[in-house]
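Shown next, in structure tokens, is the structure this report addresses.
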Amino acid sequence: MPRAVYVLALGIFAMVTSEFVVAGLMPQMADGLDATIPQIGYLITAFATAMAFGGPFLTVALLKVPQKRALMVLFAVFLAGNVLAATASTYPVMLVARVVTGVASQAFFGIGLGMCAQLTRPEVRGRAVSVALNGLMLGTLLGLPLATFIGDRFGWRAAFWVISGIAVLAAAATLVGVPDVAKGEGAGQLREEFGVFRSARLWFTLSTSTLVIGATFAAFSYLGPILTEVSGFGAGTVPLLLVAYGAATVIGNTVTGRLADRHTLTVLLAGLALNSLFLLGFALFAQVSAAAVVCMLGIGLVGVTMNPAMVVRVQRRGNAGALVNTVHSSFITLGIVIATSVGGVVIDAYGLRAPLWVGVALALAGIASLVPDLMARRNQAPAPQQEPVVEAVGVSPR
């Protein structure tokens, strides 16, 4: 695997750690910015919304820029946003900072994953994507706990300064370790970049990714209160369980990356089927501690870890260019927005288990979205070869 793919993973790690940091520092940030907890929660929504809708526009703006230089521009924008967050004295300033970092993060995902495709052979693209996306998994496993620890010990501003330092390190590594490459697959005139989106099948494929991630985040977004208030775990145990969840995502991502290229559709079908079962089990048996842990770890293994197969499928249906990858990331982020917003509504109406049922519904919808491709694959399967008919006695077929 090219060294550059691992370097891109470091950049993704910095971006993901910044995305999640607010979730671990809500009380401290509320006090420091003279805001309420719900207002701090909106900073997460602002980041996700900026990713989903702002990232593609920034990617379009950088289409004419050489890709390595585009990454450096995105590091600069991301760093500016984090420094603004670290020095923010009011809530509106922090809100602007989160929008800036969200837009830069999404564009970085799109361009970075496009470069992974260019730096590797087509038959190992899924594996390369899984290596790069280990930055995302490690952001969940290590980045969030680290940022939360630093924020608790040294103040929430220190956490943003540390993320800024990681971003500088990742930018330096990118400058040294990522080669200059030609324009990505599908790159060209703006009309050509947008032309691929005329395919209805591409949009249908993108929607599958929304459902896969939505199903997973319907559970992940509310793991803390579910584990404490329904499963009966102490507040001090939950961080350890979340670390175990993060470790499961790293394992699942690695396995998926190995299989994504040759068995893309099968991996997605199996992942969604298993995820629906784990979500169902969690919804039914969340009050049983052991069952809750098993189901939670199962969701970690087969949920967000479908990313390599999702990326390969979208790149095959469209192309491996930066714009396609960025729009795909926006559809993934849309799944998070849907899961968290609907989950909050159903909790108010039906209790903490309700988001798990939302997850089940989204996973089943994801399976349904694969049916056209499964039918097409079945119809394209070669007919079994028949033995030649020998008409003359004593003449054997060659």
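The values are calculated or read from the model by the stated rules, or taken from the named source; none is laboratory data. Please read all numbers here as calculations on a predicted model, not as lab measurements. Ideal geometry is used to build each Cβ from the backbone, glycine not excepted, and the neighbour counts take in all protein chains shown. Accessible surface areas use protein heavy atoms only, side chains included; no ligands, DNA or RNA. Shrake-Rupley method; radii C 1.70, N 1.55, O 1.52, S 1.80 Å.
The figures follow:
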| quantity | calculated |
| --- | --- |
| Residue count for the range 327-361, restricted to those that are within 19 Å of Ala52 (Cα to Cα) and either open to solvent by 60 Å² or more (accessible area, probe 1.4 Å) or of a type in the set (A, V, I, L, M) (or both) | 9 |
| The range 230-244, subset among the small types (Gly, Ala, Ser) and closer than 21 Å to Phe217 by Cβ, residue modelled with the highest pLDDT | Ser231 |
| Number of positions in the range 84-101 that are polar (S, T, N, Q) and buried (at least 17 other Cβ atoms within 10 Å of the Cβ) | 1 |
| Boolean, Val238 is out of contact with any Pro (no Cβ under 9 Å at 6 or more places or on another chain), β-branched (Val, Ile, Thr) and in contact (Cβ under 8 Å) with a residue 24 or more places away in the chain | no |
| Residues of the range 278-289 classified as more than 15 Å from Leu364 (Cα to Cα) and surrounded by 21 or more Cβ atoms within 10 Å (Cβ to Cβ), total | 2 |
| From the options Phe217, Phe194, Phe233, residue that is over 18 Å from the mean Cα position of the chain (by Cα), in a helix (DSSP H, G or I) and on the phi < 0 side of the Ramachandran plot | Phe194 |
| Residue match in the range 50-73 (condition: touching an Asp or Glu at 6+ places or on another chain (Cβ under 9 Å), of a type in the set (A, V, I, L, M, F, W, C) and buried (at least 24 other Cβ atoms within 10 Å of the Cβ)) | yes |
| The range 85-104 residues that are within 17 Å of Met26 (Cβ to Cβ), paired with ones that are of a type in the set (S, T, N, Q) and open to solvent by 50 Å² or more (accessible area, probe 1.4 Å) (beta carbon under 7 Å, 6 or more apart) | Tyr91/Gln39 |
| Test result for Ile111, β-branched (Val, Ile, Thr) and either open to solvent by 10 Å² or more (accessible area, probe 1.4 Å) or more than 15 Å from the chain's Cα centre (by Cα) (or both) | no |
| Selection count where residues are assigned to a helix (DSSP H, G or I), open to solvent by 20 Å² or more (accessible area, probe 1.4 Å) and either in contact with an Asp or Glu (Cβ under 9 Å, 6 or more places away or on another chain) or touching a residue at least 24 places away in the same chain (Cβ under 8 Å) (or both), scope the range 141-155 | 7 |
| Selection count, the range 242-260, where residues are open to solvent by 20 Å² or more (accessible area, probe 1.4 Å) and either of a type outside the set (Lys, Arg) or free of Cβ contacts under 8 Å to residues at least 60 places away in the same chain (or both) | 9 |
| Checking Ala292 against (1) surrounded by fewer than 24 Cβ atoms within 10 Å (Cβ to Cβ); (2) without any contact (Cβ under 8 Å) to a residue 60 or more places away in the chain, the condition it does not meet | (2) |
| Enumeration of residues in the range 4-16 that are under 14 Å from the mean Cα position of the chain (by Cα) and farther than 14 Å from Leu169 by Cα | Val16 |
| Unmet requirement for Ser164, which otherwise passes all of (1) modelled with pLDDT of 85 or more; (2) surrounded by 22 or more Cβ atoms within 10 Å (Cβ to Cβ) | (2) |
| Checklist (1) farther than 18 Å from Ala23 by Cα; (2) without any contact (Cβ under 8 Å) to a residue 12 or more places away in the chain applied to Leu169, failing item | (2) |
| Residue within the range 261-277 that is open to solvent by 20 Å² or more (accessible area, probe 1.4 Å) and within 23 Å of Gly351 (Cβ to Cβ) present | yes |
